[in-house]
Amino acid sequence: MDFEAELAKFQPSLDIEQAEDAIYGNKTTDVTDLIQSILNSIEPGNGTAGSKAIEWVEEP
């Protein structure tokens, strides 16, 4: 095994703050976001959804 070549390929892991930014900065909609959107759109009293549109967000 060529340790010099392996060391040259090494990339350090992200710092905690960088990892948090990468995780929390993700704008992709997941199932919990969709359920929350549906629950927020239900009109109180009659249990039916209002005219609010549910938006799906995906990042390229």
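The values are calculated or read from the model by the stated rules, or taken from the named source; none is laboratory data. Every value quoted in this text rests on a predicted model; they were computed, and no experiment measured them. Cβ placement follows ideal geometry from the backbone for every residue including glycine, while neighbour counts extend to all protein chains displayed.
Within segment 9-58, track down each residue that is modelled with pLDDT of 75 or more and charged (D, E, K, R).
9, 15, 17, 20, 21, 30, 33
Quick one: what pairs do we get from segment 33-51, first residue surrounded by 11 or more Cβ atoms within 10 Å (Cβ to Cβ) and part of a helix (DSSP H, G or I), second charged (D, E, K, R) and modelled with pLDDT under 80, C-beta under 9 Å, 6+ apart or different chains?
37/52; 37/55; 40/52; 41/52
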